[in-house]
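Heads up: the structure comes next, in structure tokens.
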Amino acid sequence: MKRTLNIFCQILLAMAKHPRLFAKAMAAVPSMGAAYAFSRAYRDSVPEASSSVSESKNPLMEYFQNHQKGPGLWKWEHYFEIYHRHLSKFVGRKVDVLEIGIYSGGSLEMWRNYFGEKCHIYGVDIQGACKTYENDHVSVFIGDQADKAFWSTFRKSVPGIDVLIDDGGHTPEQQQITLEEMLRHLRPGGVYICEDVHGVFNRFAAYATGLVSELNSIAFAPGSVYQSKATQYQSAIHSIHFYPYLVVIEKRLVSLPVLSAPKHGTEWQPFL
Ligand SMILES: C[S@@+](CC[C@H](N)C(=O)[O-])C[C@H]1O[C@@H](n2cnc3c(N)ncnc32)[C@H](O)[C@@H]1O
């Protein structure tokens, strides 16, 4: 009951704060419902894994499978293919990697093994016991990811991050605050991964859908219907990817000042 009341208050607050945006979001609700109904009823088939259709070799998956002893490592198995897809470009390079959520230290070792000896790993956890995983290649910060002051101190100590993996407390509030405090701190070309976005109509997934919306923002430059000046956000954020329980955000390596759609060719149909 308390939770329902809280949600209701948040809705009223959002309506009062951003009435036009709220109306737009409300107009999108039937489409979201239709998409959910479509996906629930979806029937399709793709081949099962076999020797002819197999996933390509994945060093992270191999590491996980071979890691039977030592510091505990706890991941959903399907994450490894996604990590490798977005993170392989950093392997062997001088990169700064931050993982929120250390638990038993196994993932910090895995990242070091994957990215190589030029990388530096930063770990954040709310539990002081995790300080034990600190060494020459791994720096550990103890704090609450939902605490903005903690991130302010963190940013002063760590000048930049190339990869951020949020595997901390997993509440939508913690995930949102971490993103709002740290996305700007990610270097150009950086990759932001938020893990364990569980459940239908998860509130962090809804938040990330809002981030997607702004990627589609369009404002035609005067005198041209084929050009839209990129917002600072569009200029910095390359893409947002949704996977089961994961959201991945990639930053641009170089800015995108304008989105343009020029026509090339001399022969055109008359209807457009
Ligand atoms: C799922 S475990 C991390 C697993 C680890 N990354 C791995 O792959 O084995 C989650 C960790 O997040 C930490 N945590 C929970 N709430 C947190 C918060 N508010 N801020 C920072 N860390 C938090 C917990 O103490 C725990 O160690």
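Where a number appears in this text, it was derived from the coordinates with a stated rule and is not lab data. Fair warning: this is a prediction, and the values are worked out from it, not measured in the lab. Backbone-built Cβ (ideal geometry, glycine too); neighbour counts: all protein chains shown.
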Number of Lys-Lys pairs in region 77-259 under 26 Å by Cα, sequence gap 8 or more or different chains?
15
Net charge near residue 207: determine it from the other residues with C-beta under 13 Å of the C-beta of residue 207, scoring Lys and Arg +1 and Asp and Glu -1.
-3
Which part of region 167-198 falls in the paramagnetic zone of residue 253, meaning amide N under 15 Å from the point 7 Å along Cα-to-beta-carbon?
187-191
Only Lys, Arg (+1) and Asp, Glu (-1) charged, at Cβ; region 134-272 dipole about Cα centre in debye:
720
Out of all DSSP beta bridges with both ends in the chain, state the antiparallel percent to the nearest 5.
45
Against the longest principal axis of the chain, how steep is helix 106-115, in degrees 0 to 90 to the nearest 10, with axes from Cα atoms?
70
Quick one: putting +1 on the C-beta of Lys and Arg, -1 on the C-beta of Asp and Glu, what dipole do you get for the chain around its Cα centre, in Debye to the nearest 20?
880
Other residues with Cβ under 9 Å from the Cβ of residue 150 give, with Lys and Arg +1 and Asp and Glu -1, a net charge of -2
Overall form of region 178-230 per C-alpha gyration tensor (a/c, 1.5; a/b vs b/c)
oblate
Just to be sure I follow the definition: excluding the sites themselves, where is the longest run in the chain that has none of the trypsin sites (Lys or Arg not before Pro) in a DSSP loop with at most 16 other Cβ atoms within 10 Å?
119-251
With residue 10 itself left out, Lys, Arg at +1 and Asp, Glu at -1 over residues whose Cβ is under 15 Å from its Cβ give +3
Where does the longest stretch of the chain lie that holds no GluC sites (Glu not before Pro) found in a DSSP loop with 13 or fewer other Cβ atoms within 10 Å?
118-266
